[in-house]
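Visitor: Pasting in a structure now, in C-alpha cells, and then I'll have a few things to ask.
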Amino acid sequence: MILGIDVGGSTTKIIGLTSQGECIGMMQVEASDQTASAFGAFGKFTALHGLRIPDIKQIALTGVGAPYLSQGMYDIPTRRVEEFLAIGLGGLRMADLDNALIISAGTGTALVRAEGKQITHIGGSGVGGGTLLKMAARFAGASCFATITELASKGDLRAVDLRLGDISAELIGKLSPTTTVANFGNLKDNATTADIILGLINMIFESIGTMAVFASLGSGVQDIVLIGALSAIQQAGDIFKGLEALYPVRFHIPPNAIYATAMGAGLSVNRG
C-alpha cells in the first residue's frame, strides 16, 4: 500500500494506492495546523480502511505543508514529491490522458504541461480559490465553496458583466453576443449579492481558462484539465464551454479532481 498525501495550508488530501497503482480510497481532513491535519488524515484513512502500519509500504508527501513533516510519519519510509510533478501525474491519471495542460486551481493557480513522462511548470497566477473565498466573504459573508456555489446559482451575469451584445449589434468573428467584453464592466446599482458572486466566479474561471488556452496554443496540446479546490465549483463547466467555442481546446474536469495532486504524489513512487 502506498499513501499519497497532499498537505495544504489547512486541508490535507490523502489517497491510498495498491502497488499496481489502483486507488482504494480518498478523503480530506481540515485542521488549523498542517501537521495535525496530515496526521489526522493518516489516522482517519487507516482506521476507515482497516490498515496497520506494516501494511503501508511508503508515504509520498507533497504540498506546501510537506516540509513540516521532514521527520516522516510513524517510521514508515517517506519521500517528498515536488508539487508540480504530482500535479502533472495526478492530472493525467484523473483525466485518463497521456498529454495535457493541467490547471491546478487551489489558493492560487499553477499551470503544468504534462506530456508523457515530461512534466513542466510553465507559470501561474495569483487568481484562484483564495481570491474567490476572500472576495465572497467580503461581499456575501460566504466562507465555503458549497455556500458560494449555491449563492451563485441564483445570480445573473447580465447585471454584472459587459458583454458583446451590450455594445454591438453585429457579431465580430467567432464571438457570440454573450462573450465577455469587460468583467464587472456593466455592474448595475441594483445588482444582488448573488449576481456579484456569480460575476466573481465567471471572472476567475475566464481568467485562468484563457491563460491556459494561451499557454496551450502552438504547443500541440489541446486537452486542458482542471484540478484542485476550484474544480468543485459547478459553474466552471459552463464557463469553460464558452472558451471551447472560441479556441481549439477541450476542457476536462474529472470527478474527484481535488485529490489529483495527492494521486500524483502516490503515483510518483513507482514512476519509471
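The values are calculated or read from the model by the stated rules, or taken from the named source; none is laboratory data. From a predicted model like this one, the values you see are computed outputs, not experimental measurements. All Cβ positions, even for glycine, are placed from backbone atoms using ideal geometry, and neighbour counts span all protein chains on display. Note: accessible area is taken over every heavy atom of the protein model, side chains too, but ligands, DNA and RNA are not part of it. Shrake-Rupley method; radii C 1.70, N 1.55, O 1.52, S 1.80 Å.
Visitor: How would region 147-272 be classified by its alpha-carbon gyration tensor: rounded, prolate or oblate, with rounded meaning a/c under 1.5 and the a/b versus b/c comparison settling the rest?
Guide: Verdict is oblate for region 147-272.
Visitor: Further question: Among TYR68, THR12, THR78, which residue has its Cα furthest toward the positive end of the charge dipole of region 1-91, with +1 on Lys/Arg Cβ and -1 on Asp/Glu Cβ?
Guide: With unit charges placed on the Cβ atoms, the residue in question is THR78.
Visitor: Counting only GluC sites (Glu not before Pro) that are in a DSSP loop and have at most 11 other C-beta atoms within 10 Å, tell me the longest site-free stretch of the chain.
Guide: After excluding every exposed loop site, the longest remaining stretch is 23-169.
Visitor: A further question follows. Straight-line reach only, C-alpha to C-alpha below 16 angstrom: list the lysines that LYS44 could link to, leaving out same-chain residues fewer than 8 apart.
Guide: Straight-distance partners of LYS44: LYS13.
Visitor: Tell me the label-point distance for the pair THR120, LYS241, using the 7 Å Cα-to-Cβ offset, in nm and rounded to one decimal.
Guide: Here the modelled spin labels are 3.3 nm apart.
Visitor: Follow-up question, since we're still on this one. In region 183-224, which chymotrypsin sites (Phe, Trp or Tyr not before Pro) fall in coil by DSSP and have 16 or fewer other Cβ atoms within 10 Å?
Guide: PHE184
Visitor: So how much slack lies between ARG271 and PHE139, counting 0.36 nm per residue of separation and subtracting their Cα-Cα distance, in nm?
Guide: 43.0 nm
Visitor: With r as the distance between the Cβ atoms of HIS49 and ALA146 and R0 = 25 Å, compute the FRET efficiency 1/(1 + (r/R0)^6) and round to 0.05.
Guide: Efficiency, from the Cβ-Cβ distance: 0.45.
Visitor: For region 1-70, state which chymotrypsin sites (Phe, Trp or Tyr not before Pro) are in a DSSP loop and have at most 16 other beta carbons lying within 10 Å of their beta carbon.
Guide: For chymotrypsin sites (Phe, Trp or Tyr not before Pro) across region 1-70 that sit outside H, G, I, E and B with at most 16 neighbouring Cβ atoms in 10 Å, the list is empty.
Visitor: While we're here: Please list, by residue number, every one of the chymotrypsin sites (Phe, Trp or Tyr not before Pro) in region 70-157 that is coil in DSSP and has at most 12 other beta-carbon atoms within 10 Å.
Guide: Details: sites: TYR74, PHE84, PHE139, PHE145; in loops: TYR74.
Passing both the DSSP loop test and the Cβ count: TYR74.
Visitor: When ligands, DNA and RNA are left out and all protein chains stay put, how many square angstrom of accessible area per residue does the chain have with a 1.4 Å probe?
Guide: For the chain, the solvent-accessible area averages 46 Å² per residue.
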